[in-house]
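What follows is a set of notes on a single structure, which appears directly below.
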There are 2 protein chains.
Amino acid sequence: MSDFSAELKPAEPQGSDVLAQERAGSNVNVDQLAQHLLHRGDFLKQQKKILDVIEKRPYFCKKNQLNLARPDRYHLGLARAKELRRLSLEHDWSLDDYKMADYLTDEMAPYALQTVMFSTSIREQCNEEQLKYWLPKVENWEIIGCYGQTELGHGSNVKGIECEARWNPDTKDFTIHSPTLTASKWWNGSLGRTANHAIVVAQLMLPDKSTGKLKSHGPHQFIVQIRDMKTNKPLEGIVVGDIGPKYGYAAMDNGYMLFKNFRVPHSALLSRYSGVDSESGMYIKPKNQALVYGSLTYVRAQIVMHARLVLARACTIAVRYLSIRRQFADRDSSGNAPEVAVLNYPTVQIRIFPLLATTYALHYTGEAMYNLYWDTRAAIEKGGDTSRLAEMHAASSGLKSACTMLAADGIEVCRRALGGHGFGGGSGIIPLNNDYLSKPTVEGDNWMITQQTASYLIKRMTESTKDPYPSAKSGEPIDGQFRLFLQNRKSSRFFDIYSNEEDIVKAFQYRVSFLSYQAYEARIEQKQPWTSLMISLHRLSRAFSESLLVANFYKAVFESTPNPPLDDATHATMKNLFRLFALFTIDLQSSEFILSGALQPQQLHNLTPSIQKMMEAIRPHAVRLVDAWSIPDYVLESALGRYDGDVYNALWQKAHLENPLNLQTFNPDFRTEEIVMGEGADNARRRIEKLALGVHGHEQRSDPKAKL
Amino acid sequence: MSDFSAELKPAEPQGSDVLAQERAGSNVNVDQLAQHLLHRGDFLKQQKKILDVIEKRPYFCKKNQLNLARPDRYHLGLARAKELRRLSLEHDWSLDDYKMADYLTDEMAPYALQTVMFSTSIREQCNEEQLKYWLPKVENWEIIGCYGQTELGHGSNVKGIECEARWNPDTKDFTIHSPTLTASKWWNGSLGRTANHAIVVAQLMLPDKSTGKLKSHGPHQFIVQIRDMKTNKPLEGIVVGDIGPKYGYAAMDNGYMLFKNFRVPHSALLSRYSGVDSESGMYIKPKNQALVYGSLTYVRAQIVMHARLVLARACTIAVRYLSIRRQFADRDSSGNAPEVAVLNYPTVQIRIFPLLATTYALHYTGEAMYNLYWDTRAAIEKGGDTSRLAEMHAASSGLKSACTMLAADGIEVCRRALGGHGFGGGSGIIPLNNDYLSKPTVEGDNWMITQQTASYLIKRMTESTKDPYPSAKSGEPIDGQFRLFLQNRKSSRFFDIYSNEEDIVKAFQYRVSFLSYQAYEARIEQKQPWTSLMISLHRLSRAFSESLLVANFYKAVFESTPNPPLDDATHATMKNLFRLFALFTIDLQSSEFILSGALQPQQLHNLTPSIQKMMEAIRPHAVRLVDAWSIPDYVLESALGRYDGDVYNALWQKAHLENPLNLQTFNPDFRTEEIVMGEGADNARRRIEKLALGVHGHEQRSDPKAKL
């Protein structure tokens, strides 16, 4: 067969010419904007440095990933994790460098827990003696660790976990035991096949002095060796394994683990804050764990900053490809009008541009959260001032929920806007979607944690109602907003959202105050059951988070000189992105704005036209606005989203030259069981049955009792 | 290692007991409701019949699917497709039986095009001579076919495809040719590795009599042999292959294909309606293709009916598992209160129950579309009355868009509501989501086809404004609604959506009329550009589709005796599902209701409380309401959604006994490249490089020009 495909070019215009034109048509300063967005930790420099090391190494080639079986994805993931570790020593990488490599390889790898949850627990929860023993082992990677908290039966409700650590007064040690199947550890990353040590979270069971019966003092952390250091086989008394394929995270061995009366020494209980007196068997209570809130905020600030880059990735792919893709001539054109770039359709813009604006909104709020974190921390370390912890925790809970939802939903909106090619492996959106869809659930389920935000707002509103006219400024920042609301809520108001940006911020704040007051009335005054209010509380948290996103964006681009600074033209585009983000959000939630009195119904008429006007203003800058996010082609791994715009050649190469299925010829005739041409029917039958039935054959399928 | 896991049970309560209690606590008549929903085509009987044949056959075991590499998924898919074909002969299956098998195996298989697009084209587009030649070959499966329309550069805009079929006056045959790379066929199912024949859609190029130059008469269908019947290798002049991994449809070989001056005879052009006179080389114009609209409606009715089952599947999994899953005690409880079933939280109900109601809404509208199709067809066949074709086409376009969006989004809402286990392979939602996410794009992109609906509504509104008080009833059904609006739009109105269900329907219709009038004003009176109106037009179509969903649901449960009939208690629950669906939809779109004047702002206050009340009323019946959909465990393939509720044992079995990764032991030490314990570092390196680099090694990665 002669392959004449190499002689052909895509139809005009070529993608590279289109993107060159798009870039020439805008005066947004990409380099400056990139610095503005990514100055923290010298991100761009670091990105280049690490990319140079890994991009050309065979192990880190991504092009075959979607073809692999899940077990092979783990094999490859472990090999990559090891190589990264070797490279980090060779190149003397910092922890941040290491994290950059994680971001670039874009894979949750089997060592992921070692540098995060495992070593964090060691560092933060060990007493001095424990630290001296364990920390060198962790830092030298003599042991590989994981973090075993979540169980088959309990995730969100950590207090409900069933795994027990019983104190043995005679032998002065603990017995770790799983009393039920649901007590099995579950989901714990790196546990399945990799780790030889685990932090195991278990109910600390001590004899009650009065009754003599065992009583739980709640979940505590234990460090436990779980596999043999030579063979990597589980120790006796432990059943451990990988939980199997998931939506994403194919390279990670999320695990399960059961204990049967497994003994660990007294020193296994991590005892920096609390412990068990080995003589008396008495519980030693923790003193102050307030700082835990702080680091949770830090983790959540990272989630917001990560959300911005994830969404920017989807937007980069969408904006570049949809600038190049053409489909249909303008309906009002006559004769042989050329086809229109898909990005010029308002029905495409309305899906992509608000998300593009959202990437910027996420950025400024991520920055604000980092600042809040460092300020609060400094205040605590200086004079023990913990007054902003509650606010910080409430904001970070609500924002974790709102921002991961915006990013997770946004990826899929972008994918669908890509049309057919969005469903294909060349889009680069498949692994992005598959992995990111864990985020609305992990680190606090998005619907559950909003209760914490609402609870905080009700508390502040309650305080504010008690003293609506305080003599001096007092309380937390939100109190001022609430008091203003309480003083003015019965007078008439009008927020001019179409020509006054400060009024936009005020409208969002008014809505939060109104919903907080409603929640306060229902819960505090009318004493309605908490559960019955949950839907309103979730909405309240959402409203609060949106008001933070809008306020932080406003502050950054209207109230202060952007840092690092921006050209006027670039700055003006940021302002339009603010307006688009704010008006689009109002549109989505417009009935809440109406209900709360933050908007008048007749104001709604202008929403869609105003949004459409903003989108027209942003359109010429769209390609440069995604360029500014500086996402390397290696991260995008997308034929559609490549920087050079050579979309169709790249799609063709992926299909025609990189697809292993095309190396085989098949027998399509149903009269034979032969599948690959020439293998014969009997061979094929045996092979296919094995594929279908997997490791344990036919007998056990769909009968979970078979194991009993 | 001793495996003690078999001794353990999940913590109380057992899932099976919970579901038994749930089922005992409701008087919804499941058998009757199942008959009511699934009587068409004797669905339940057929489901049982086919399930009995395939369920226990090794090839059709699904449990290992998520572990397989994509090429192996195709191998298995082809093997299954062949086996289904053999079974259909052995058991004398009808085409409907065959489709049932497709539904149950839940896999888009490599023969899928043979029974649908390929044979439909043969049947509908062949002239008598062609039919006599081709139909027996298709029906005897002597040839395996596919349908090649979409190209790399063109999907939605079929008129823009680039593949050409040039008439050769001398040899009286055609040359099929791909002038560019973007002219490559792309996405076409069964083309990649399986089919030996294809319907190829190409621009029919004939010499213009006056200029002598070739001129296109638009896309036409050709039947073309593409592979050798013995070797299954591509014929000379054709480059064909599989496009590679996609979001879903792993078992299907979606393909690409280029032609280089490939000759086909005059008879290759399917010539029932149009053709080329072989003597003169003149084009023979088609007479009437109106019936094409009709079958498109039928396909879309099937899409709606399929959407109902897809969403019911997600709801079945969610309702069963979330009844069993417990997390947290009630916040207002004291002491040792038990944990609450997750389904009792309003924040979970608000995500699942409206979707459950949506499955029923989809059902009644699917039924209505079938009826419309058969009525229209009968009217045409009786007296050539084509008056309802336009209405039918408009409704089916809007509903395809709205219903596939409801189902696609709904699956993911259910998945997230499952918490962590929703991300796991035991959820059963992964393949459902991956495959179904094609639906918003295929058979008419969901954002594009709504223009057709809006265009129809503008036309009808224009007619109605011309003659708002016609002497006799005339025009299409929507005209009555529009005229009522035109007559009354300036007078005051109040729709009592909380106590009058007919008013709910009227409110939805008023909103459609208002938006249609707005669109009419903008387009017809003010002559605004079509493109600038696209967002409003999409919303108009959405509003129209929702009003159809609400009206059909209302008619079925309020205006007529349900067919087949329902017990009072069951019927009453249907009414509550109607209310929930309608109020929830109003809530989502409330600002449009306000803007159009169909609702007053103060009416919004009652929305959430009313929705919550409906959810409370539905809660006791939730399990029975999903049971009624009668989705077999074999289709669910879900540990979480199993009929018997034995969730945790099933999750355990899947992880512990069916996961091939657990058969291998790994070397976690980064100091060696060894991956599987004992394989040695060198072997591992070679193996891993091959996994990473795929079929063509390292040199070609990220350089699409390498092929040139």
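The values are calculated or read from the model by the stated rules, or taken from the named source; none is laboratory data. What you are looking at is a predicted structure, and each value in this text was computed from that prediction instead of being measured. Cβ atoms come from the backbone with ideal geometry, glycine included; neighbour counts cover every protein chain shown. We work out accessible area using only protein heavy atoms, side chains counted, and drop any ligands, DNA or RNA first. Shrake-Rupley method; radii C 1.70, N 1.55, O 1.52, S 1.80 Å.
For the set A:Phe494, A:Phe544, solvent exposure ranked by accessible area (probe 1.4 Å, protein chains only) runs largest to smallest as A:Phe494, A:Phe544.
Of B:Lys439/B:Lys575; A:Lys82/A:Lys137; B:Lys555/B:Lys575, which ones are farther than 20 Å apart at the Cα? Present the calculation step by step, with values, prior to reporting the outcome.
Working: B:Lys439/B:Lys575 29 Å; A:Lys82/A:Lys137 17 Å; B:Lys555/B:Lys575 11 Å.
In this structure, B:Lys439/B:Lys575 exceed 20 Å between Cα atoms.
The string of couplings for the stretch B:501-513 from the Karplus curve (6.51, -1.76, 1.60, θ = phi - 60°) is 5, 5, 5, 4, 4, 5, 4, 4, 5, 4, 4, 4, 4 Hz, one whole number per residue in order, with x for Gly and Pro. When chain A is turned onto chain B, the axis of that turn runs closest to one Cβ of chain A, and that residue with its distance in whole Å is A:Ala69, 2. Expressed as a whole percent, the proportion of Cα-Cα pairs in chain A lying more than 51 Å apart is 20%. Between A:Asn140 and A:Asn371, how high is the FRET efficiency from 1/(1 + (r/R0)^6) when r is the Cβ-Cβ distance and R₀ = 45 Å? Nearest 0.05. The formula returns an efficiency of 0.80 here.
The residues of chain A expose, per residue, 37 Å² of accessible area to a 1.4 Å probe. Within straight-line reach of A:Lys260, meaning a Cα separation under 14 Å, sit the following aspartates and glutamates at least 8 residues removed in sequence or on another chain: A:Glu162, A:Glu164, A:Glu236, B:Asp3, B:Glu7.
Suppose R0 equals 56 Å. What FRET efficiency, 1/(1 + (r/R0)^6) with r the Cβ-Cβ distance, do B:His217 and B:Arg86 give to the nearest 0.05? The formula returns an efficiency of 0.85 here.
Between the amide H of B:Val200 and those of B:Gly148, B:Phe222, B:Ile223, B:Val224, distances stay under 5 Å, these residues lying 5 or more places away or on another chain, with hydrogens modeled in the peptide plane.
Taking a 1.4 Å probe, which of B:Ile352, B:Ile284 shows the most accessible area, and what order do the others take after it? Could the numbers behind the result be given before it?
Working: B:Ile352 0, B:Ile284 85 Å².
Largest accessible area first, the list is B:Ile284, B:Ile352.
With a 1.4 angstrom probe, the accessible area lost at the B-A interface totals about 17100 Å².
Please report the orientation-averaged projected area of the protein assembly as shown, defined via the convex hull of its C-alpha atoms, in nm².
Dividing the Cα hull surface by four gives the mean projection, 53.6 nm².
Using 18 Å as the Cα-Cα cut-off, could you pick out the over-long pairs in A:Lys185/B:Lys62; B:Lys209/B:Lys285; A:Lys63/A:Lys654? Mind showing how you got there, number by number?
Working: A:Lys185/B:Lys62 26 Å; B:Lys209/B:Lys285 16 Å; A:Lys63/A:Lys654 8 Å.
Too far apart for the 18 Å limit: A:Lys185/B:Lys62.
For the stretch B:116-287, give the share of DSSP beta bridges that are antiparallel, in percent and rounded to the nearest 5; count only bridges with both residues there. Restricted to the stretch B:116-287, the bridges split so that about 80 percent are antiparallel. Using the Stokes-Einstein relation with a Kirkwood hydrodynamic radius computed over Cα pairs, the translational diffusion coefficient of the stretch B:116-287 at 20 °C and a viscosity of 1.002 mPa s comes to 132 µm²/s.
Distances between placed amide hydrogens fall under 5 Å for A:Ala183 paired with B:Ala11, all partners being 5 or more residues away or on another chain.
What the phi angles of the stretch A:317-333 give under the Karplus curve with 6.51, -1.76 and 1.60, with θ = phi - 60°, is a coupling list of 4, 5, 5, 5, 5, 6, 6, 7, 4, 10, 7, 6, 7, 4, 4, 8, 7 Hz, glycine and proline written as x.
A 1.4 Å probe, protein heavy atoms only, puts the accessible area of B:Cys126 near 10 Å².
Quick check: the distance between the Cα centres of the stretch B:437-512 and the stretch B:325-393, to the nearest angstrom? Between the Cα centre of the stretch B:437-512 and that of the stretch B:325-393, the gap is 22 Å.
Would you work out what percent of the accessible area of the stretch B:116-287, with all protein chains in place, is carbon or sulfur (probe 1.4 Å)?
On the way: 3400 of 6690 Å².
That fraction is 51 percent.
Work out, in µm²/s and without decimals, the Stokes-Einstein translational diffusion coefficient of the stretch A:542-619 at 25 °C, 0.890 mPa s, Rh from Kirkwood over C-alpha pairs. Don't skip to the answer; put the middle values down first.
Details: Rh = 13.5 Å.
Stokes-Einstein gives a translational diffusion coefficient of 181 µm²/s.
The accessible area of A:Arg493, taken with all protein chains in place and a 1.4 Å probe, comes to roughly 60 Å².
Do any residues of the stretch A:666-690 lose at least 30 Å² of accessible area when the full set of protein chains is present rather than just their chain alone, and if so which, with a 1.4 Å probe? Buried by 30 Å² or more upon assembly, which counts only protein chains, are A:Phe666, A:Pro668, A:Phe670, A:Arg671, A:Glu673, A:Ile675, A:Met677, A:Ile688, A:Glu689.
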